[in-house]
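K.L.:
Dumping the structure here so I can ask a few things about it.
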């Protein structure tokens, strides 16, 4: 029997190496995002997106996923020490390539900063989605006018670019430009 493909490590906040989460927070602030729902792929052990938004007056809600048991354990500790965090920030451990749309709400923003970075042949052994299938599934969960954001500094951005091109071909999305290191695609059927 196959085992889950997971990340046996953790990702600390390192703006010099991976600023995408901080750039996303800056983007939300620049748009004065209020009461937005956010799906966040890759929480990091810093959980900065969920933490900062929970501490702000934005009233945003974040659902994050991590494939790192250590990052999930860090979330549990954060929640135990700060139970108010659980009102607007939920994180879970799992393989993003096993998403089921029936279990997901609609979102204003979806961050797919790590497309192509973790998908391997290990995922194939248990029938997981491909990068494109996962992206299309999440694209269908974007509210009209909502956005999907990709990280142009990813070491796998070549894969993300191919996924973006196919997303634009198969779903009603358009390029909305960039913000710092982020590529923004918006749902255009509203």
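The values are calculated or read from the model by the stated rules, or taken from the named source; none is laboratory data. It should be emphasised that the depicted structure is a prediction, and the values quoted were computed from it without experimental measurement. Cβ: placed from backbone, ideal geometry, glycine included. Neighbour counts: every protein chain shown.
K.L.:
For segment 17-38, check the following and say yes or no: at least one residue is under 20 Å from residue 123 (Cα atoms) and surrounded by 15 or more Cβ atoms within 10 Å (Cβ to Cβ).
P.N.:
Taking every residue of segment 17-38 in turn, none turns out to be under 20 Å from residue 123 (Cα atoms) and surrounded by 15 or more Cβ atoms within 10 Å (Cβ to Cβ).
K.L.:
Would you check if residue 76 is surrounded by 15 or more Cβ atoms within 10 Å (Cβ to Cβ) and free of Cβ contacts under 8 Å to residues at least 60 places away in the same chain?
P.N.:
No, not satisfied.
K.L.:
Here's something else I'd like to know. Is it the case, given these coordinates, that residue 53 is in a helix (DSSP H, G or I), at pLDDT 95 or above, within 18 Å of the chain's Cα centre (by Cα) and surrounded by fewer than 19 Cβ atoms within 10 Å (Cβ to Cβ)?
P.N.:
No.
K.L.:
Tell me which helices (runs of 4 or more DSSP H) are completely within segment 81-179 and hold 2 or more residues being in contact with a strand residue (DSSP E or B) (Cβ under 9 Å, 6 or more places away or on another chain) and closer than 23 Å to residue 36 by Cβ, or say none if there are none.
P.N.:
131-139, 157-170
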